[in-house]
Amino acid sequence: MRKIFYSLFFLLIYKVGFSQQKLTYSFAENPQTLLLNPGAETNYQYHYGIPFFSGFNLSVGSTGITLEDLFLDNGNTFRAKLDKAIENSKPEDYININARIDVLYGGYRLDNKTYLSFGFYEEVDITAYIPKDFAQLFLLGNNNSLNRPFSISQLVAKADILGVFHFGFSKKMNSKLNIGARAKIYSSSFNLETNHNSGTFTTFQNDTNILRQTLNNVDALIKTSGLIENNNVIDNPSSLLSKTFLGGNYGIGFDFGLTYHLSPQLEFTGSILDFGFIRHSKNTKQYSAKGSYTFDGIDFEFDPNNPRDYWDELQDDFDDKVPTDENEEAYTSWRPLKINAAIKYSFGETRKKACFTGTYKRYYFNAIGLQLHTVMRPLKPQLALTGFFETAFTEKIQSKVTYTINDFSSMIVGSGMSMQFGKVSMFGFVDNIFSVKDFGSSNTISVNFGVNFVIE
C-alpha cells in the first residue's frame, strides 16, 4: 500500500492537470469548451494545440480535513491533530483529486455548418471516502471502544489512470440550435475500486475470556487492474503513464451536447460527458471475503506428546468461516458520468461577426448566468451550482468571474481570462482565488490554463 500511495502521489505532482473546468464551460468560443460541451458553437476554420500545453487542469478537494487541521503550528502533536481531525470527520466526507493534460488536440471545419475536433488526453481521477470507523480503530485500538460496531461499509474508494482518444463534431442545425457529440476510446493503465461492502467488527466483554471479538456478516470486495503484474506490485509510475497509450484495458464512451438560443440574448447549453465504461481484463486482481467469525482467544494446552500448532488451527478455522478469494477475473468499470447545464443572458454593447453560414452573429460584451455541474461519485452525485458574470474588455480579451456552491464550500470565488493575439489563443483560470494565499485552510482549489492556435 505504501508503494501504491507513493506512485499516485508522484503522478499527481508529475501531471499537473484536471479541474471540473466550470470556468471554461461555454466561454469565449475557446477550443477547450468543445471538450466540455461538444455542441458548443465555433466560428473558426481550424485550431491546434501545442502538445502537452493545449490544456492543463488541476482540482484538489476535501470535504472533511484540511492541511491546516494536520499541520497548523498550535502546540499540539501531529498525532493529537490527526485524532481530532478524524473525530470531527463524517463517513460521507471524501477526498477528490482530478488531473488531466491534453497531449494532442486539434480541429477543423468540414463545411459551413460542421466543425470536427479530435485529440488525446491523459487523466488521473481519485475519490476516497474517509473510513472514520477503521481510522479510529487503527489509531486508537479497541480497548476504549467496547460494544462499538466498526462498519466495513465505510471502505469506499475509486481511482483511475487512463488515456482517452476522442473524435467529435459540432453541427449547426438552424439559427437557434447547435448540437454535437464525441466518441471516446479509453485506455486504462490503473484502476482500483471498492464499494458496497458490508459487515461490522465489534469487541465485547464476556465470561469465556476477557474479550470477545466478532466479525459479523462481512461481505467485502476490492477490484484492481494494472496494480499487480507477475505477482508483484507495480511501483514504477512511469510504467503506468506509458500504458495509458494502448495499455491493454479498453473501453468506449460518448459525450453529447447542445446550444439553444431561446432569444438573441438568452442561451441554454447542456452536455452529458463520459457515458461509457472500461473492460478490465489485463493484470487484474480481485480480493473478496465473506462470512462471520467469533474469536474468544486461544486456550493453550501444553502436551509434549501431542504438540499442536494453534496458529494454523486458528487460520484454518477462520478461512472456513470467512472464506477469502483472490482471482484474476475480468470486470467492468463505469466512468464517472458528468452533466452540465447552463442558462446565460447577454447584454450591453454589441458587435457583429461574420459566420460561415453567410450570416452575421451578434455578440454582447457582457453576460450573466447560472451553471449546474454534476459528477457521479461512488456514494452520491457531486453537485456544484455556479453563478457567473462575463465581460469583454476588447473583442479579443474577455474575463469571467464565478461564485460556486458545492460539497467543499459555500463560498468559492473564481476568476479567469481568455485572450487572443493574432492566431494565439490563451486562457487561464483559478477557482477559489481566496485559497491561493492560504491554501492550508482551504477545502478546495482548482486551476486550468492552456495555449492553442486558432485560425479564423
Original post:
Summing -39500 (n - 2.57) over the DSSP H runs of n ≥ 4 in the chain and dividing by its residue number, what mean residue ellipticity at 222 nm do you reach, to the nearest 500 deg cm²/dmol?
Top reply: -3500 deg cm²/dmol
**OP:** List the equivalent ellipsoid semi-axes of segment 53-163 in whole Å, largest first, each obtained as the square root of 5λ for an eigenvalue λ of the Cα gyration tensor.
**Re:** 44, 17, 10
Subject >> Compactness of the chain as Cα Rg over 2.2 N^0.38 Å, two decimals >> reply: 1.17
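Where the only charges are on Cβ atoms (+1 Lys, Arg; -1 Asp, Glu), what is the dipole of segment 76-185 about its Cα centre, to the nearest 20 debye?
Numbers: 15 positive and 11 negative charges, 103 e Å.
Its charge dipole is roughly 500 debye.
Output needed for segment 111-211: three equivalent-ellipsoid semi-axes, defined as square roots of 5 times the C-alpha gyration tensor eigenvalues, in descending order, whole Å. Show your work: numbers first, answer last.
Working: eigenvalues 577, 42, 18 Å².
Working through the eigenvalues yields semi-axes of 54, 15, 9 Å.
Counting Lys +1, Arg +1, Asp -1, Glu -1, what net charge surrounds residue 140 among other residues with beta carbon under 14 Å of its beta carbon? Numbers along the way, then the final one.
Values: positive: 79, 84, 132, 148; negative: 83, 87, 133.
Combined, the nearby Lys, Arg, Asp and Glu give +1.
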Original post:
Dipole of segment 134-277 (Lys/Arg Cβ +1, Asp/Glu Cβ -1, origin at the Cα centre): which of 168, 139, 221 lies farthest to the positive side?
Top reply: 168
Original post:
Once the piece of chain linking residue 322 and residue 198 is laid out straight, how much longer is it, given 0.36 nm per residue of separation minus the C-alpha distance between them?
Top reply: 43.3 nm
Original post:
How big is the equivalent ellipsoid of segment 232-280 along its three axes, where each semi-axis is √(5λ) from the Cα gyration tensor, reported in whole Å from largest to smallest?
Top reply: 40, 13, 7
Original post:
Relative contact order of the chain: what whole-number percent is it, with Cα pairs under 8 angstrom and at least 6 residues apart?
Top reply: 17 percent
Original post:
With all protein chains present, how much of the accessible area of the chain (probe radius 1.4 Å) comes from carbon and sulfur, to the nearest whole percent?
Top reply: 61 percent
Subject >> Above-threshold pairs, the threshold being 19 Å between Cα atoms, out of 184/243; 344/423; 176/344; 90/285 >> reply: 344/423; 90/285
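Using +1 on the beta carbon of Lys and Arg, -1 on that of Asp and Glu, and nothing else charged, what's the dipole of segment 135-223 about the Cα centre, debye to 20? Before the final figure, lay out the partial values.
On the way: 9 positive and 4 negative charges, 166 e Å.
The dipole magnitude comes to about 800 debye.
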Original post:
For the chain, what is the accessible area per residue in Å² when the probe is 1.4 Å?
Top reply: 49 Å²
Original post:
Per 10 Å bin, what is the whole-percent P(r) computed from every C-alpha pair distance within segment 183-269?
Top reply: 12, 21, 18, 18, 16, 9, 3, 1, 0
Original post:
Using unit Cβ charges (K, R positive; D, E negative) and no other charged atoms, how large, in debye to the nearest 20, is the dipole of segment 155-305 about its Cα centre?
Top reply: 1320 debye
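The values are calculated or read from the model by the stated rules, or taken from the named source; none is laboratory data. As the structure is a prediction and not an experimental result, all values here were calculated from the model. Virtual Cβ from ideal backbone geometry, glycine too; neighbours counted across all protein chains shown. Accessible surface areas use protein heavy atoms only, side chains included; no ligands, DNA or RNA. Shrake-Rupley method; radii C 1.70, N 1.55, O 1.52, S 1.80 Å.
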